[in-house]
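Encoded as structure tokens, the structure appears first; notes follow it.
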Amino acid sequence: MLARRLSRFLLKTPVIIALGALAAYLLFSWFAFGPLAQWGAVKFIADKTGHRLSLDPPVFDPFRLSVTVRNLRLTDPEGKPLAGCKELFVDFALSSLLRFAWTFDALRLTAPEGRLALLPGDRLNWTAFLDAFKGKEEEKAELAKGLPRLLIRNFVLKEGRVDFSDQTVSPLFETAVTPLDIALEELSTLPDDKGAYQISARTTQGSQWRWKGEIGLRPVSVTGAFSLEGFRLAQLEPYLKGRFAIAAPEGTAGFSTQYRIGYENRKLSLNLDSLAAAIEGLRLRGAGAAEPSLALEKITFAGGSFDLERRSIRIAAIDLAGGKVKLIRRTDGSLDVQQWPLAAAPAGEGKEGKTAGSGAPVPPSPEPAAGRRDSQPTDEAAKAAPWHLDLGRFSLDGIAIHLLDKTFAEPLALAIGNLKIGFKADARFGAGPVHFTLSEGGAALEGIAASSGEKPLFAMDGAALEGVRLSLAERRAEALRLKLERGRLSAVRASDGAIPLLAALKPAAKAAPEQSGTGEVKASADPAWKWRLALADLNGFQVALRDEKVNPAAGVTLEEVGISVAGLSQNLDAAVPVRLGLRVREGGVLKAQGLLVPAKGSLDAQLDLSGLSLIPAQPYIGQAAKVVLVSGQAGTRGRLKVDG
């Protein structure tokens, strides 16, 4: 009974037509679609553009509505490659009919390649191909429609490569971006009520980028905003490999800006506003290194703007907060981070038209043709207004520094608990001499300690330079005050006469530096720099001296050592006022003030020494005579004059 009903149903005319259509659809999809699509695509490109397209027969899946194209290649009429792809996979979604938007569940490009060449005459190698498809009026109509409604749920581009060459300059400039890997999810363009368009995407690594803007044609204008969040710096490793001997960088970065781009009367305008960027958790370490050489907790760039027409760059603030710098100075005097950049391969090696180790001379480059862009600046460019850079604030704080110096026989370690730097800057460049000024500058070091092996040598609570001003055009630098606070130094002469402090400063044995040239140093034609330091002072220092060569050991401790010098400048022959004061722990006070000539080392000062205990001299007196000094003080007052 059931079989009879089923056969009766299948023999109905609509069912037969439907089954026949399904069979025809499947047969066409499996056997006819590939050859027809291959033939049609090759013929269309050849007839329309004169270029050559080659590809394997596409494979169509009638159930998934997906197409797979392999070994896709596009070349110009001369056979020069333009683009290619090992595999293109497109998975079309039926929901497009309901969304009124092109919807793809997946779009995947495997090993795509593209070549972009800038040719003489302001042309691209792609110009002829693109011009063959539509004229100027069609281009304007296409732009007027705006962005199509598009949704790609998953987009993957892997093992990509982009080659770029500039054939308008001599020698030829070539570069390549490889490997290029992109993975996006939920890529969409959605028009809002105002006609603005929005593109947003999230990568599989977690970064999110958004673009929103509007396009106008009369005149041409593009406005909008762009942002990128959560970009992992480790993704840069493929581009750094082979160029730098470092491990994959760590940290995340973000960027955002509002922009306006216009083109009218053959003049391009570009404005960027509300520029902001941030990097968090930055870690850079050499290849194979256990610890990073540079670790910065946060770098922020805020309140930036860029104006191409006014040639202006403004930055409200750049802040670097928290982190550590760890450096090693090698025995040759270089830092370990100087070994990071790797030597680049000779440009053009193995390229056609260039020598590759043959030793043959390279023929001279041809003269640029008329109308060809030259690398030399034109008179018009030379007369252009200079660029203006305005930096409202640069701030660095919370940075610890550790330096291991191997140029000493026993490596010397320098530790700084906190480095602070701050300043404002203004610069004009690009036309005429560079004008750079720095104002409201300052730097401070806190928690300074030097040691040799496990033995501490010197410590100081802090050092600061305040009120710094600098002008590159005037070649002038000024500072209000240099402060050195609460230093501690201990020096001992051992029983064998050795002084460990001096031994720690003994340089490591190294080969003599190579001599190059005649050794003559040409005098600079620029005027000498002028500098002035209003006040330099040293406060609260302590110096402990101990002599173990005598028995019993002798010692004296100088406390509250203070020195101040006012009015230092590049004229070191000028006399400057100097003050000195200290207290001896064992008893005694010294005060002095007068004039110092730094270049000659001459001093003319009034001296006042009072209450100096003689007890510390007992070990030396006991060596010369059988005398025990029980008590005693010394003092003097007068003029001390030292001629340099």
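A few comments on the model shown:
- Test set (1) at pLDDT below 95; (2) under 30 Å from Ala321 (Cβ atoms) - Ala511 fails condition number: (2)
- Residues in segment 292-319 that are open to solvent by less than 30 Å² (accessible area, probe 1.4 Å) and in contact (Cβ under 8 Å) with a residue 60 or more places away in the chain: Leu296, Ser312, Ile315, Ala317.
- Taking first residues from segment 406-421 that are closer than 17 Å to Lys455 by Cα and of a type in the set (D, E, K, R) and partners that are open to solvent by 50 Å² or more (accessible area, probe 1.4 Å) and not in a loop (DSSP other than H, G, I, E, B), the Cβ contacts under 9 Å between residues at least 6 apart in sequence or on separate chains come to Lys406/Ile328; Lys406/Arg329; Glu410/Lys455; Glu410/Ala503.
- Restricted to segment 407-435, and to residues there that are among the aliphatic types (A, V, I, L, M) and not in a strand (DSSP E or B), the residue that is surrounded by the fewest Cβ atoms within 10 Å (Cβ to Cβ) is Val434.
- Of the strands (runs of 3 or more DSSP E) entirely within segment 520-627, those holding at least 3 residues that are open to solvent by less than 30 Å² (accessible area, probe 1.4 Å), free of Cβ contacts under 8 Å to residues at least 60 places away in the same chain and within 30 Å of Pro456 (Cβ to Cβ) occupy 530-547, 554-569, 576-584.
- Within segment 80-95, the set of residues being surrounded by fewer than 16 Cβ atoms within 10 Å (Cβ to Cβ) and more than 40 Å from the chain's Cα centre (by Cα) comprises Leu94, Ser95.
- Checked against the criterion of being surrounded by 14 or more Cβ atoms within 10 Å (Cβ to Cβ) and among the β-branched types (Val, Ile, Thr), segment 114-128 has no qualifying residue.
For every residue, the table says whether it meets (1) among the basic types (Lys, Arg); (2) part of a helix (DSSP H, G or I); (3) at pLDDT 95 or above; (4) open to solvent by less than 30 Å² (accessible area, probe 1.4 Å).
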residue	(1), (2), (3), (4)
Tyr25	no, yes, no, no
Ser29	no, yes, no, yes
Gly34	no, yes, no, yes
Asp47	no, yes, no, no
Asp56	no, no, yes, no
Phe60	no, no, no, no
Arg64	yes, no, no, no
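- Checked against the criterion of being within 28 Å of Asn125 (Cβ to Cβ), modelled with pLDDT under 75 and not hydrophobic (A, V, I, L, M, F, W, C), the candidates Pro148, Pro191, Pro219 yield just one match: Pro148.
- Extreme residue, modelled with the lowest pLDDT, among residues of segment 1-23 that are of a type in the set (A, V, I, L, M) and open to solvent by less than 70 Å² (accessible area, probe 1.4 Å): Val15
- Residue match in segment 462-471 (condition: surrounded by fewer than 16 Cβ atoms within 10 Å (Cβ to Cβ), closer than 29 Å to Ala302 by Cα and of a type in the set (Asp, Glu)): no
- Strands (runs of 3 or more DSSP E) enclosed by segment 249-312 - at least 2 residues per element that are at positive phi and out of contact with any Cys (no Cβ under 9 Å at 6 or more places or on another chain): 267-284
- Residues of segment 68-121 satisfying the condition of being in a helix (DSSP H, G or I) and either among the aliphatic types (A, V, I, L, M) or in contact with a helix residue (DSSP H, G or I) (Cβ under 9 Å, 6 or more places away or on another chain) (or both): Leu97, Leu98
- Segment 559-588: number of residues that are within 16 Å of Asn539 (Cβ to Cβ) and more than 49 Å from the chain's Cα centre (by Cα): 1
- Conditions (1) open to solvent by 50 Å² or more (accessible area, probe 1.4 Å); (2) of a type outside the set (A, V, I, L, M, F, W, C); (3) at pLDDT 75 or above; number of the one not met by Gln198: (3)
A quick yes/no check of all residues on (1) at pLDDT below 95; (2) not acidic (Asp, Glu):
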residue	(1), (2)
Ser269	yes, yes
Leu272	no, yes
Leu275	no, yes
Gly281	no, yes
Ala290	yes, yes
Ala316	no, yes
Asp332	yes, no
Pro346	yes, yes
Glu349	yes, no
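- Taken together, the residues in segment 436-455 that are surrounded by fewer than 16 Cβ atoms within 10 Å (Cβ to Cβ) and either charged (D, E, K, R) or within 23 Å of Leu391 (Cα to Cα) (or both) amount to 5.
Residues checked against (1) open to solvent by 70 Å² or more (accessible area, probe 1.4 Å); (2) in contact with a Pro (Cβ under 6 Å, 6 or more places away or on another chain); (3) under 20 Å from Asp181 (Cβ atoms); (4) aliphatic (A, V, I, L, M):
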| position | (1), (2), (3), (4) |
| --- | --- |
| Leu228 | no, no, yes, yes |
| Gly242 | no, no, yes, no |
| Ala247 | no, no, yes, yes |
| Ser256 | no, no, no, no |
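The values are calculated or read from the model by the stated rules, or taken from the named source; none is laboratory data. Just so you know, these numbers come straight off a predicted model, no measurement behind them. Quick reminder, even Gly has a Cβ in these numbers, built from the backbone with ideal geometry, and neighbours come from all protein chains shown. To get the accessible areas, we keep the full protein, side chains included, count just its heavy atoms, and leave off ligands, DNA and RNA. Shrake-Rupley method; radii C 1.70, N 1.55, O 1.52, S 1.80 Å.
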